[in-house]
Amino acid sequence: IIGWITSAFAWSLLAAALVWSFIQHRQRAEFIRWSKKPLARPVSDSEPWQDLAYQFYRAIVRARNRHAGTLTQFKMLRSITDALPDAAVIVEANGGIENLNVAAQKMLRLSAADRGNQLGSLVRDPEFNSLIKGQIDGDLVEFSSPFNVDVRLEARRISMGDDRAMLLVRDFTVLNRRLSMRQDFIANVSHELR
């Protein structure tokens with residue numbers, strides 16, 4: 001309009017294009033500055049840049065919420081497995097330790113640093129090693145603890161279907177002692193009755 005009024009249409013169009021380019025350049029610079037720290041709500045004067053920034057911002061917020069939910073579920077599952085009195089160890093197909101609970105650290109003398117190491121080389125027992133490899137029928141074995149021969153352990157292998165398995169190990173010593181006492185008691189009573 002100013003160009004028609006002043007009869008300098010070309011110069012006015014050029015000036016308008018320069019102003020528009022300057023504004024777009026400034027908005028682009030703000031968008032780039034925001035994109036370096038995209039967790040803050042985007043602020044822009046230009047609607048196209050604002051819409052673009054908000055699309056990215058909403059996608060980031062949705063992804064963070066999904067991640068937070070997954071992390072919460074993982075922490076809850078972790079607290080449940082840590083509360084188990086039995087040792088729980090997840091092993092990969094090659095026998096490497098993927099994850100373990102607190103009871104596994106105590107009962108099998110493992111640590112968090114043992115993740116990735118071969119469970120069979122850390123807990124040395126032939127039957128237990130066969131169980132880790134899935135070579136025991138019934139996926140259940142009873143063996144003496146390699147750290148204390150007076151402690152009897154029972155291990156169960158549960159296949160997780162994706163070339164991983166969970167090994168549950170429990171201290172069977174007290175139950176074994178009770179079974180022996182019961183058998184001795186029954187033998188003594190039957191002997192006395194005879």
Inset, instruction - Give, in nm to one decimal, the length gained when the segment between Y54 and V151 is fully stretched (0.36 nm per residue of separation minus the Cα-Cα distance). - result: 28.7 nm
Inset, instruction - Provide the three semi-axes, in whole Å and in decreasing order, of the ellipsoid equivalent to region 116-194 as defined by the square roots of 5 times the Cα gyration tensor eigenvalues. - result: 34, 14, 9
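Hey, what did the chain get for relative contact order, percent, Cα under 8 Å, at least 6 apart? The partial results should precede the final answer.
Numbers: 213 pairs, mean separation 24.3, N = 194.
Computed over the chain, the figure is 13 percent.
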Inset, instruction - Straight distance only, please: which lysines reach the Cα of K75 with their own Cα at less than 28 Å, same-chain residues fewer than 8 apart left out? - result: K37, K106
Inset, instruction - Give the angle, between 0 and 90 degrees and rounded to the nearest 10, that separates the Cα long axis of helix 47-83 from the longest principal axis of the Cα atoms of the chain. - result: 10
Inset, instruction - Could you state the angle between the C-alpha long axis of helix 173-193 and the longest principal axis of the C-alpha atoms of the chain, as a value from 0 to 90 degrees rounded to the nearest 10? - result: 20
Inset, instruction - Enter the angle in degrees (range 0 to 90, nearest 10) between the Cα long axis of helix 9-36 and the first principal axis of the Cα atoms of the chain, meaning the one along which they spread out most. - result: 20
Inset, instruction - With a bin width of 5 angstrom, please list the P(r) values of region 28-121 as percents of all Cα-Cα pairs, from the 0 bin to the one holding the largest distance. - result: 3, 12, 15, 12, 9, 7, 7, 8, 9, 8, 6, 3, 1
Inset, instruction - Report ³J(HN,Hα) in whole Hz for each residue of region 108-124, in order, from the Karplus equation J = 6.51 cos²θ - 1.76 cosθ + 1.60 where θ = phi - 60°; Gly and Pro get x. - result: 9, 6, 9, 9, 4, 5, 7, 4, x, 7, 6, 4, x, 7, 8, 10, 8
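Expected output is a single nm value to one decimal: the length gained when fully extending between R64 and K36, i.e. 0.36 nm times separation in residues minus the C-alpha distance. What is it?
Numbers: separation 28, 0.36 × 28 = 10.08 nm, distance 1.65 nm.
Gain in length upon complete extension: 8.4 nm.
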Legend entry - Radius of gyration and maximum dimension Dmax of the chain, Cα, Å: 34.1, 131
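Any read-out appearing in this document is the output of simple, stated calculations on the displayed coordinates, not a laboratory observation. Owing to the predicted nature of the structure, the values given are computational and were not obtained by experimental measurement.
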